[in-house]
1. Tally Lys/Arg at +1 and Asp/Glu at -1 over every other residue whose Cβ is under 9 Å from the Cβ of Leu68; what's the total?
2. Just want the ordering: Ile23, Ile69, Ile90, from fewest to most Cβ atoms lying within 10 Å of their own Cβ.
3. Subtracting the Cα-Cα distance from 0.36 nm times the residue separation, let me have the gained length for Glu138 to Leu93 in nm, one decimal.
4. Could you put His62, His51, His33, His94 in order, starting from the residue whose Cβ has the fewest other Cβ atoms within 10 Å?
5. Let me spell out the model: positive unit charges on the Cβ of Lys and Arg, negative unit charges on the Cβ of Asp and Glu, origin at the Cα centre of region 35-147. What dipole size does that give, in debye rounded to 20?
6. Suppose each label sits 7 Å from its Cα in the direction of the beta carbon; what would the Leu10-Lys24 distance come out to in nanometres?
7. At 0.36 nm per residue, and after removing the present C-alpha to C-alpha distance, how many nm does the segment from Lys131 to His52 gain when stretched out fully?
8. Hey, can you rank 157-163, 146-152, 106-112 by average C-beta count inside 10 Å, highest first?
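Values in this text are rule-based calculations from the coordinates and carry no lab data. The shown structure was predicted, so the numbers you read here are calculated from the model rather than taken from an experiment. Reconstructed Cβ throughout: ideal geometry from the backbone, glycine too, with neighbour counts over all protein chains shown.
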Amino acid sequence: MAVWNRIKNLSFKQLFLLASTFIKRPRYFFPTHRATLKTVQISDRLFKKAHHKNNVTNAFRHGLWNVLIAKKCFAKNNSVEKSVEWAKTITDLHEKMAPNDEMEMTMDLHNNEIGRTLFVEKQMQNMEEEKIITVLKEKIETAVKVSSLNEMKENKSEFVYIEDLEIK
């Protein structure tokens, strides 16, 4: 399982940081884990392994991950604000621990924010999974290919990506 393999490869410092984050909110551990697994499952089904590159399908995956974390945590706390805050905490932490360069990390953080914004604006807390997928697929149709950090800042309301999608 990819999630377990990633955890096994964490340094002691990273593992401590992750554990201390969940110690503060232990009831979010299982919803977050389930959201993560579901995100990868859906992304694999829709895009095969393409979503592991820095293309538009990666933007979809990051948006979906944030939506599903917030949605599953909402079921525990009944608070959109707290759910979105938790999704930000976890996905920001992931980016701090991921071995990405600045452009990739900024792109991922940007696309995470788009997902959380859509969760709030489209009131996705009670939305069916297939409808969420439809909304996100429609949103990636307007995604913008960028080649600089400034271009990301200029496209605050759109998903962004840095590589073209290679169809095999």
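1. Around Leu68, the charge tally is +3.
2. By the 10 Å Cβ count, ascending, the order reads Ile23, Ile90, Ile69.
3. 13.5 nm
4. In increasing order of surrounding Cβ atoms, one gets His33, His94, His51, His62.
5. On the way: 18 positive and 16 negative charges, 79 e Å.
The calculation lands at about 380 debye.
6. Taking the simple label geometry, Leu10 and Lys24 are separated by 1.4 nm.
7. On the way: separation 79, 0.36 × 79 = 28.44 nm, distance 2.30 nm.
26.1 nm is the gain from fully extending Lys131 to His52.
8. 106-112, 157-163, 146-152
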